[in-house]
1. Can you work out the FRET efficiency for the pair D188 and R875, with r the C-beta to C-beta distance and R0 = 51 Å, to the nearest 0.05?
2. Residues of segment 240-271 with amide nitrogen under 17 Å from the 7 Å Cα-to-Cβ point of K505?
3. Treating the beta-carbon of each Lys and Arg as +1 and of each Asp and Glu as -1, no other charges, what is the dipole magnitude of the chain about its Cα centre, to the nearest 20 debye?
4. For a 20 Å ceiling on Cα separation, which of these pairs sit above it: K204/K247; K375/K562; K9/K511?
5. Over segment 344-447, consider all pairs of different Cα atoms and compute the Kirkwood hydrodynamic radius from their mean reciprocal separation; express it in Å, one decimal.
6. Quick check: pseudo-label points 7 Å beyond the Cα along Cα→Cβ at E473 and K767, how many nm apart are they?
7. For the chain, what relative contact order do you get, as a whole percent, if you take Cα pairs closer than 8 Å and at least 6 residues apart?
8. Please list, ordered by chain and number, the residues whose modelled amide H lies under 5 Å from the amide H of V8; skip anything fewer than 5 residues away on the same chain.
Amino acid sequence: MKRKIWRVKKIDPLLKSILSEKLGVSPIVAQLLINRGIYTVDAARNFLSTDLNAVSRPELLKDIDKAVKRICTALEKQEKILIYGDYDADGITATALLVNFLRRLGGIVNYFVPHRINEGYGLHLRALDRAKETGHTLVITVDCGISAFDTVKKNLESNGPDIIITDHHEPPEVLPPALAVINPKRPDCDYPFKELAGVGVAMKLGQAVEKVTGGTSDMWKDFLDLVCLGTVADVVPLKGENRILVKIGLPALANTDNVGLQALLNASSIKTDHLDTRQVAFAMAPRLNAAGRLGDACLAVDLLLSDNYEDAVEITSQLNSSNQRRQKVGSMVLAEAMDMLESRPELAEKKVLVLGSETWHPGVIGIVASRIVEKFYRPTLLVSLDGDTGKGSARSISGFHMYKALEHCKDKLSAHGGHALAAGFSLPADNLEAFREAINNYAETVLKPESMIPNIELDALISLADINAELIEQLDELWPYGQGNPYPLFGCHEVSLLNYRGVGKEGAHLKMMVKEGQVTLDGIGFNLGSYAETLATRDVDLAFIPAVNQWNGRKTLQLEVKEIQPAVTGIHPQQAREEENDCVSCAEPEQYTYMDNQKELFLPGFINKQLAKCAVSENGFNFPDITLSALPPAEHPFELDDRRNFPHCEEMLARVCTKQENTVVIVNCPYQAIELFSFLTRERVIAANTVVANPLLYGSTRDIINNNSSSGGQVSVLLSTADLLCLPKGFYVDNLVLYNLPYHPQEFYTLLSECKPARVCLLYNRKENELAEGYLHSMAPEREFMAGFYNYLRAASQAYQTGFSAADAISALAAKGLNGMHPFSIGVALKVFKELNLLNYQENNGFRFELYTAPKEKLRLEDSPTYSYLQGIKRYCIKWRRLGMDFEDISDLLELV
């Protein structure tokens, strides 16, 4: 077993605090979200909610309008349509989905999947010629075709059928000249989520066609079972839309009406009461894949299209046999590859392992390559040689982008395609040695020695005392797990190993009991039984997943141990990227003062300024300097990029920031500047030393820009609230991005006057506007709340209570139906009551009050200067914000009614 380095992922205490506070989750769960590339509160809420309505509109996909128009014509004229698929599980499910979908819409639809051995991957001219001969006038590819420039061009020249390509693989620089090329990874495609599987892209096409044909039943949702299966099988990241489709698709798959899927579930011996991604990936997907690996994938498509359960059972029996045969063939190929590495040490010493043989079946070399990567932790490419040609399959490791490597060596290849960690290719047999040399030369320039040592990446170091039922419940919200959203892996340092023993068949597993402090827990390490003979210490480090063990109706906490090592070995921090080391904007969290200013961090700057005006003072209320009739004019012309209610604001912001133009991004709350800073820099949208977040946390904007410039960074992006923005001299603004709509028109007009931007991009939405109106109502409570709070104070006074906390008061009022208020509403209400001479109060770690005798005459709340002013500000801001949401012409915003 190859030595592994234990690394704990970098902790971000500030961002962790923000997510924990705003989401109401454990700091441990907040850090898990950060580790999974979720840096903003909105993104986290979307991740946790998995709302199917949050998926983007299919119309955002480039060329989909052309595709839909052509498909609708074919449906109307009853043209013959051919779905051209791929032989893996993603391609198989995508083929079945689109065939069934278009048939339901009345289409004459057939399908074709190339034979892996006889024809190979991709779009083939011979198949297109057959399609033409059999009367097919439209061919739609799924999960393939993006690299088939020559084939599509020759088909076009020979007046072959129209071709619509749907694919999700990396696009080449020059796209095929098809009628439409639908691929979210196209550089010119506005679709915000780029990681859809092939079946996901096919689903989006079906969704778009249904919209145009007048469908209102959301028929595309009937195919979420197939989308789930294909997405999990293709090992795409389970984040964003993939997570939504899989989380909602798993119960749809478990309760499917598709008889083929029902038979496949039964043949895989899966209990459907809690179907999991592991069962889909390791039980269902291999059986589908087996058809295409050793024979004809059409068998698997027939299964998914079948409407007869007995026929489906017969097909699954054949798939089971194919899968068992695939396992035997794979074992033989693995043994031969290992013998080759042992007999030829010069090959084993290479950074990239490239092996070929005429006896290897091309249908299993991908799986075998994965096994070799697991053993040696080297990028591995296996080639099945057949005469003067070879078909290859590649698997890689983190730090070596396989598609880029093949692209670098494309002069040695006949064809190639794929992703960062997996790819396929073909080459002339005589080029094998030259290709091995070329890809290893490339590896010498990009693959660092430390990248060739496998890491155990721990999400966090925690204590056994942190593990409880509440944590397990919150962790369940991260389900389903998979690529891009792995099971949470924690580390615990220096725990006492009380006892351990091998259990299971031949002691394959390790049962143990561990203790830290006063906490003792059981642990089980599957396939770690060999450790029972080698552990020579009682103080160990554990890498584990917290779990619940159910036995005889009893639930107990348990550690699912993944690795164990002597405590003296050590756990290392994850290495930071070079550009983070000297960046002032990435200062260590201990330098922040945010913990002393929680209110300033989480409250909108505008609201906070109004509350500051309402502070208790012997001098009474200080009216803020807002003159509604004398707002600064906005004479500077600008180009408007209106993206209001765009569903993926972060991605659109990233596009603006990558233009390498000076950009000012306006948010309402300081914490939003911090989370957007994390998003832009951690996702490598822009270098960390070229962006400055809110000066509330970091000090003077000018000082930070000067410091960043001295460290080699030319600042181009400023993230700030409107009230704290301070433009340095010489910073000419190209883009003003309103990530949030400013609360008051004075803020908006001032931004235009100071920034004088060439472009203004509007990224705010109705959900954000509802939150803003909630803050305004809390800042200026209405009569019902004021009356309810006064009755609360009277009841407390009658019970001889003279003190209370804002949180307790808000909770008590919410119980009486007065919901939606913030704790700061209490201070506002007390100030109003004091101005009306109803009470006196003091604030010091809560409130102490003295209620005066109630006046005989009925008082008017408007007699309070605080109440009157705040109500006026609230009404004006709400009117302004609704105008900002609904305007049709920008001139409406530039002129106050």
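The values are calculated or read from the model by the stated rules, or taken from the named source; none is laboratory data. Just so it is clear, the model here is predicted, and its values are computed rather than measured. We place every Cβ from the backbone using ideal geometry, glycine too, and count neighbours over all the protein chains shown. Just so you know, the surface numbers come from the protein's heavy atoms only, side chains and all, with ligands and any DNA or RNA stripped out. Shrake-Rupley method; radii C 1.70, N 1.55, O 1.52, S 1.80 Å.
1. Numbers: r = 45 Å, r/R0 = 0.88.
Result of the calculation: an efficiency of 0.70.
2. 269
3. Working: 92 positive and 113 negative charges, 184 e Å.
Roughly 880 debye for the chain.
4. On the way: K204/K247 17 Å; K375/K562 17 Å; K9/K511 27 Å.
Correct reply: K9/K511.
5. Working: mean 1/r = 0.0758 Å⁻¹.
For segment 344-447, the Kirkwood estimate is 13.2 Å.
6. Output for this residue pair reads 2.4 nm.
7. Numbers: 1623 pairs, mean separation 81.0, N = 897.
For the chain, the relative contact order is 9 percent.
8. For V8, whose amide H was placed from the backbone, the distant partners under 5 Å are L458, H572, Q574.
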